[in-house]
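Q: One structure follows; several queries about it will come next.
Please treat every number below as a calculation from the coordinates, not as lab data. Quick caveat, the model's predicted, so the values are computed rather than measured. Cβ: placed from backbone, ideal geometry, glycine included. Neighbour counts: every protein chain shown.
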Amino acid sequence: MIEPSIALFGESFEEASRVLDELLEDTGAHYALLVDRKGFVLAHREALWAPRPPQLDSLATLVAGNAAATQALAELLGERRFSELVHQGERHGIYVEEVNDLALLVVIFDQSTPVGRVKLFGKRAAAQLDHITQRAKVETAADRARFGLDTEYRESASALLDDLFGES
């Protein structure tokens, strides 16, 4: 089962939400989302005047997939990465800024919002969200195995059960 890489709860969730609220206020955008690279919505905010939101889970999954494809394009061109993506249509635009290796910032705006303003404040928000997400990083099973925690835990649990049931 795929699990998020970041767990935002309590204070870290509130901090991330405040950053997203400030971003909406500074830019006039409709929606701001913090998405992990697996496509999970970690936090989202919308402007009070924004129209009905798109399906956020679908949006997050597609943005994460698009970011992965863009990463592959960057590598083909000899770049380490492309840190931002902008998609602009006739009425709406999407700005995606890399927060770090764990997360992406997504801003949805309309034609009345200057993309330069979204980029400027998006970069500031991404830097703030980087600190928050680093603290909220979830240790995966692979991380635990790499540090020997799974083996150590399994061995000590087995020994405890053997002692409990009188087996040697």
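Q: Would you kindly state how much longer the chain becomes between R135 and D110 on full extension, computed as 0.36 nm times their sequence separation minus their alpha carbon distance, in nm to one decimal?
A: Using 0.36 nm per residue and subtracting the Cα-Cα distance, I get 5.7 nm.
Q: Which chymotrypsin sites (Phe, Trp or Tyr not before Pro) in the range 19-73 sit in a loop by DSSP (not H, G, I, E or B) and have at most 10 other Cβ atoms within 10 Å of their own Cβ?
A: W49
Q: Order these by the 10 Å Cβ neighbour count, fewest first: H131, H30.
A: Ordered from fewest to most neighbouring Cβ atoms within 10 Å, H131, H30 come out as H131, H30.
Q: If you stretched the chain out fully between E14 and E75, how much longer would it get, using 0.36 nm times the residue separation minus the C-alpha to C-alpha distance?
A: 18.4 nm
Q: Relative to the Cα centre, what is the charge dipole magnitude of the range 10-137, using +1 at the beta carbon of each Lys and Arg, -1 at the beta carbon of each Asp and Glu, and rounding to the nearest 20 debye?
A: With only Lys, Arg, Asp and Glu charged at Cβ, the dipole is about 160 debye.
Q: Suppose we look only past 24 Å in the calculated P(r) of the range 10-137. What percent of the Cα-Cα pairs does that tail hold?
A: 21 percent
Q: Exposure proxy check: E98, E11, E90 ranked by fewest other beta carbons within 10 Å?
A: E90, E11, E98
Q: Let me ask another. E25 versus Q55, label points 7 Å from Cα toward the beta carbon: distance in nm?
A: 3.4 nm
Q: Quick one: D130, D36, D57, fewest Cβ neighbours within 10 Å first, how do they rank?
A: D57, D130, D36
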